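**Student:** So that we are looking at the same thing, I have put the structure below in structure tokens.
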Amino acid sequence: MRQVIGAALMILPATPAFAGGVGVLATGGMHTEKVYYYSNTSPEGDLYSDIDDYDQYQLTQTLPQLGGGFELVLGDRDDRIMGTCRFFYNLDAPQLDPATLTDEIDPDYVVANIRDTPRHLGFGMVGLSWGILGDPGGFQLAAVGHVGTAFLTFDHTEFFAFQVGPGITYRMARQVQLFGDVQIQGRFSKGWSQAGYGTVGVRYLFD
């Protein structure tokens, strides 16, 4: 009889174990953008008659951004390694007028077509939070990394992004975890730029 019961238990389907959670987050920081501008006058002071003759210049602007969204969490709340999938809205500040910043040419001769309105971005990113020091059931120092895209834009300026940096977590209740991280981000779309992000949020872990 024991053998029959043992065999029956072995062929019964295993009860699925669910582990993970959901969270909300807020983020903000700074990023760089290349801005191109032109001079409609030659260095000798002669006015160009053809726009194709304009001298081109560029400068890198550091602009603020902020956003918010939600994340999905995969992993047991007592594990040091947790997978995350973040979806969030991001607002980039408008570009600044090069005429107010350049010291290469007379501001009166600057011709530029800048983005003078905020840029709206929708991000989707996947990554890991890897606990290094501390206790997953309390305070923990972690290494955090994500990769993904700004896949939703109104001006067709989508880009690939990856980021990495330190993070902290604190489980204030059995199923509630506070988290925060600071990450350096690389962006690629016809060239590289960079950003620095700070993110804070709260997770509900339902395993």
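**Student:** How compact is region 21-98 by the rule of thumb for globular proteins, expressed as Cα Rg over 2.2 N^0.38 Å?
**Tutor:** In units of the 2.2 N^0.38 Å rule of thumb, it is 1.95.
**Student:** Another question, if that's okay. Quick one: what are the phi-derived ³J(HN,Hα) couplings along region 186-194, Karplus 6.51/-1.76/1.60 with θ = phi - 60°, whole Hz, x for glycine and proline?
**Tutor:** Rounded to whole hertz, the list is x, 10, 9, 6, 6, x, 9, 9, 9.
**Student:** Roughly what % of Cα-Cα distances in region 81-158 sit above 21 Å, to the whole percent?
**Tutor:** 56 percent
**Student:** P(r) for the chain, please, calculated from all Cα pair distances in 10 Å bins and given in %.
**Tutor:** Result, from short to long distances: 8, 27, 21, 17, 12, 8, 4, 2, 1, 1, 0 percent.
**Student:** As an exercise, take the mean of 1/r over every pair of distinct alpha carbons in region 47-88, invert it, and state the Kirkwood radius in angstroms.
**Tutor:** 15.8 Å
**Student:** Sticking with this structure for a sec: I'm a student and want to see the number: the projected area of the Cα convex hull of region 64-117, averaged over all directions, in nm².
**Tutor:** Quarter of the Cα hull surface area: 6.4 nm².
**Student:** Over what distance in Å are the Cα centres of region 106-125 and region 19-92 separated?
**Tutor:** A separation of 11 Å, based on Cα centres.
**Student:** Per residue, how many Å² of accessible area does region 153-207 show with a 1.4 Å probe?
**Tutor:** Heavy-atom accessible area per residue stands at 56 Å².
**Student:** If contacts are Cα pairs under 8 angstrom and at least 6 residues apart, what is the relative contact order of the chain in percent?
**Tutor:** So the answer I get is 21 percent.
**Student:** On alpha-carbon atoms, Rg over Rh for region 113-207 using Kirkwood Rh?
**Tutor:** Using Cα coordinates only, the ratio equals 1.07.
**Student:** Another question about this same structure. Compute the acute angle (0 to 90°) between the alpha-carbon long axis of helix 2-11 and the principal axis of greatest extent of the alpha-carbon atoms of the chain; round to the nearest 10°.
**Tutor:** 20 degrees
The values are calculated or read from the model by the stated rules, or taken from the named source; none is laboratory data. The model shown is predicted, which means the values in this text are computed figures rather than measured ones. These accessible areas exclude ligands, DNA and RNA; they are computed on the full protein's heavy atoms, side chains included. Shrake-Rupley method; radii C 1.70, N 1.55, O 1.52, S 1.80 Å.
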